[in-house]
1. Please enumerate the residues belonging to the stretch 277-310 that are open to solvent by less than 20 Å² (accessible area, probe 1.4 Å) and under 25 Å from the mean Cα position of the chain (by Cα).
2. Tell me yes or no: at least one residue of the stretch 738-748 is more than 28 Å from Thr612 (Cβ to Cβ) and basic (Lys, Arg).
3. What number of residues in the stretch 479-507 are open to solvent by 10 Å² or more (accessible area, probe 1.4 Å) and under 24 Å from Ala561 (Cα atoms)?
4. In this structure, is Val261 of a type in the set (A, V, I, L, M, F, W, C) and either closer than 23 Å to Ser314 by Cα or in contact with a strand residue (DSSP E or B) (Cβ under 6 Å, 6 or more places away or on another chain) (or both)?
5. Hey, can you tell me all the residues within the stretch 542-587 that are under 19 Å from Phe202 (Cα atoms) and of a type in the set (A, V, I, L, M)?
6. Please identify the pairs in which a residue from the stretch 105-127 that is within 18 Å of Gln169 (Cβ to Cβ) has its Cβ atom under 6 Å from the Cβ atom of a residue that is charged (D, E, K, R), counting only partners at least 6 apart or on another chain.
7. Report, by residue number, each residue of the stretch 313-328 that is surrounded by 20 or more Cβ atoms within 10 Å (Cβ to Cβ) and under 21 Å from Gln283 (Cβ atoms).
8. Go through the stretch 242-253 and count every residue that is more than 17 Å from the chain's Cα centre (by Cα), over 17 Å from Leu311 (Cα atoms) and either at pLDDT 95 or above or open to solvent by 30 Å² or more (accessible area, probe 1.4 Å) (or both).
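The values are calculated or read from the model by the stated rules, or taken from the named source; none is laboratory data. Just so we're clear, the structure is a prediction, and the values are computed from it rather than from any experiment. Cβ: placed from backbone, ideal geometry, glycine included. Neighbour counts: every protein chain shown. The area values use the complete protein model at the heavy-atom level, side chains included, leaving out ligands, DNA and RNA. Shrake-Rupley method; radii C 1.70, N 1.55, O 1.52, S 1.80 Å.
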Amino acid sequence: MSLAPAADSAETAMAKVSMCSMPLVLAIILLSATHSEQHQSSQAQTLLRIVQFLNFPTVLDSWNNYKDLCNIEANSSLAVVCYEENITQLHITGEEDAPLLPRNFSIDSFITTLVKLPSLKVLTLVSLGLWGPLPGKIVRLSSLEILNLTSNFLYGAIPLELSSLTTLQTLILDDNMFSGPLPDSLSSLPVLAVLSLKKNLFNSSLPNSLSDLENLRVLGLSHNHFYGEVPDFSRLTNLQVLELENNAFGPQFPKLGKKLVTLVLSKNKFRSAIPAEISSYYQLERLDVSSNMFVGPFPPSLLSLPSMTYLNFSGNKFTGMLFENMSCNAELRAVDLSSNLLTGSLPKCLLSDSKDRVVLYARNCLDTRNQNQHPFPFCRNEALAVGIIPERSKRKQASKAALALGLIGAICGGVVLVGLIYFIHRRMNTNKTMKKSPPRSITENASSGYTSKLLSDARYVSQTMKMGVLGLPGYRTFSFEELEEATQNFDTCTFMGEGSHGQMYRGQLKDGSFVAIRCLKIKGSHSTQNFMHHIELIMKLRHRHLVSALGHCFECYLDDASVSRIFLVFEYVPNGTLRSWISEAHPRRSLTWTQRIAAAIGIGKGIQFLHTGIIPGIYSNNLKITDVLLDQNLVAKISSYNLPILEESMEQGGQGVSSGGSLTSSGSSRMKHDDRSDVHNFGVILLEMIKGRPVKSETQVEVLEDQLQVALTADEAARRSMVDPLVRQTCLDQSLKTLMEICVRCLCKDRADRPSIEDVLWNLQYAEQVQDAWQGGESQSSEGSPVSPSIPSRLTY
């Protein structure tokens with residue numbers, strides 16, 4: 001039987017199947033191509049939406065071909081990288097000092113759109129005016145390896161959800177307005193190598209969990225409000241860059257690994273010596289410990305570290321003798337030893353090895369006539385003053401004295417014992433009426449000393465004061481034990497600084513609130529009653545626009561109950577000075593024009609309260625822009641005012657005591673009714689708020705005042721040319737002109753020509769009204785009460 005017909009039939013069938021499958025293959029290919037086109041179109045639409053959210057920045061003007069998005073030509077402002085037709089990298093960098101995006105911008109909607117690019121591994125959005133709290137939903141970009149949101153206006157806490165980005169290697173949030181503590185959850189990022197949070201508003205100690213980031217190579221925390229001890233970073237064996245500049249870290253030098261290349265600790269509160277092991281940091285290239293309170297000998301071996309190129313030890317209390325024959329690394333390019341207590345001769349290698357090297361060594365006691373040296377006794381006396389030298393000798397003297405006293409005691413023990421028993425008996429009879437108290441202090445409840453005059457004065461307290469105490473706890477007497485607990489026994493990590501008016505500490509009360517505690521050492525012998533008229537005044541200092549008093553504590557000697565120290569407790573304001581928000585350090589975080597007016601109104605209300613809200617009023621407060629602090633809501637608070645008790649606590653040995661036993665008013669010459677002096681100082685503050693740069697001399701004030709005078713008589717363009725460029729385009733001319741007029745009037749040389757603080761306030765509120773009306777918002781004053789923008793401004797005298 002032949003099989004040929006069957007074979008032909010099979011071939012025919014296969015041909016038919018083949019012909020039938022061709023359309024199917026073509027369909028699959030076409031469907032795949034269509035899906036790819038749709039996918040690219042979807043990503044293109046997402047990018048277009050992102051551009052719309054960013055208000056069509058000029059850096060994206062050339063971005064027209066959205067369909068071919070993976071082949072967009074990269075430049076310094078824009079780059080898109082694709083892998084297998086998925087966008088994996090997106091880099092957009094706006095213009096420097098980009099303003100806030102419009103009011104209708106929503107950071108939540110923006111991130112919702114952004115997560116539609118789920119394959120993103122690298123996201124860079126720099127200087128684009130983004131504002132608002134960073135939403136936690138950004139973690140939907142689960143493949144992120146690098147996140148850079150530098151130079152925007154993002155605020156609030158770092159979202160806890162970031163800890164779920166287990167592939168994140170680099171997190172850069174520099175130059176924003178993030179605040180609060182660092183979350184412990186950051187330690188859950190297993191491959192994090194770069195963490196940079198510079199120029200923000202973080203206000204806490206560092207969590208110890210940071211030391212668990214074993215892969216960390218770069219940690220940048222400069223220009224924040226961090227404080228306390230730096231965690232033990234000795235386990236971070238990969239750490240190469242540590243930048244902690246301009247915080248309040250201290251007092252101990254941090255424990256670190258030996259692979260550091262850059263270490264910046266400048267402008268903190270370190271007060272220890274430099275540990276010897278730093279001389280074995282052979283990879284260290286840059287070391288900056290300037291502007292602290294480091295003590296102890298300067299380690300000369302740092303000059304010869306093999307990688308060292310930059311060394312800055314200026315502005316400390318380092319001691320020790322330098323010698324001409326010391327060795328230096330030939331690669332050193334800059335050395336600054338200024339303002340220490342160094343003696344001896346400057347090493348020749350610093351001056352001879354390289355002509356390109358910068359070496360500064362002024363204000364030491366070196367054997368040279370160059371760069372303004374102190375005489376040798378100055379450094380010796382200063383070293384004694386900071387306790388560097390005398391501690392050993394004191395211990396030796398104490399040991400010798402103890403031995404001598406022991407021998408004498410052994411010989412005369414019987415006599416001493418009898419005398420001691422007699423003395424104790426006398427003291428017990430004398431102190432029968434005294435309340436039992438801790439062995440080193442007694443505290444007095446000031447309420448028992450309040451006079452009837454205090455109660456009668458209450459009816460004269462203005463409505464301003466009544467409104468000002470809202471949100472603050474009542475004024476009270478603190479126990480010494482409370483303050484010890486709040487400051488961890490006045491630990492150095494809570495030390496904020498020291499001036500002519502005592503030491504300042506940061507404390508945390510049991511309710512979690514932070515306070516600032518000023519410690520005044522009292523000279524002479526004064527009872528608590530001697531200070532009661534001061535306490536009566538201090539307890540009135542409670543207002544929204546003052547750093548308000550919360551209470552006080554007396555520490556007294558047990559033998560005669562005289563006051564040894566007074567502790568004044570004030571509210572803690574964490575957001576820095578007004579200058580730091582206007583003309584220093586954070587230009588991208590500068591206050592808007594409306595916020596500047598609101599701050600000026602707050603200062604004016606604080607001054608008005610000091611003059612008229614309490615009896616007696618407080619005048620001649622020598623106000624400066626650095627005396628104005630901003631709280632977490634950017635409310636301005638005056639932190640320095642003329643309290644006579646601050647001056648009298650500095651009086652020598654009882655000279656401030658009258659024959660009647662009460663303290664004289666050493667500040668009386670400054671307490672006279674001179675409200676126009678404060679108005680002039682207010683004018684200087686206004687001048688800096690308008691110009692946006694520091695005003696530091698009377699000559700500069702006069703020059704700028706003349707320029708304002710000319711601008712007031714010119715056109716709008718001339719006036720705007722005088723304004724801080726960061727707010728120049730957002731201020732209404734009428735509002736600007738009103739502020740300029742107020743400023744010029746406040747700066748009049750003749751006191752009689754200056755306006756009253758009430759008239760200054762009236763015109764500031766008018767400037768705020770017209771500005772608000774122009775911006776289309778509801779016209780309300782800074783305190784929230786409705787006003788009419790049609791009221792004309794006034795300046796009366």
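1. Answer for the stretch 277-310, where residues must be open to solvent by less than 20 Å² (accessible area, probe 1.4 Å) and under 25 Å from the mean Cα position of the chain (by Cα): Leu287, Asp288, Val289, Ser290, Asn292, Phe294.
2. Checked the stretch 738-748: no residue is more than 28 Å from Thr612 (Cβ to Cβ) and basic (Lys, Arg).
3. 10
4. Numbers: of a type in the set (A, V, I, L, M, F, W, C): yes; either closer than 23 Å to Ser314 by Cα or in contact with a strand residue (DSSP E or B) (Cβ under 6 Å, 6 or more places away or on another chain) (or both): yes.
Yes, satisfied.
5. Result: Val573, Leu578, Ile582, Ala585.
6. Lys121/Glu145
7. Phe313, Cys328, listed by residue number.
8. Qualifying residue count for the region: 1.
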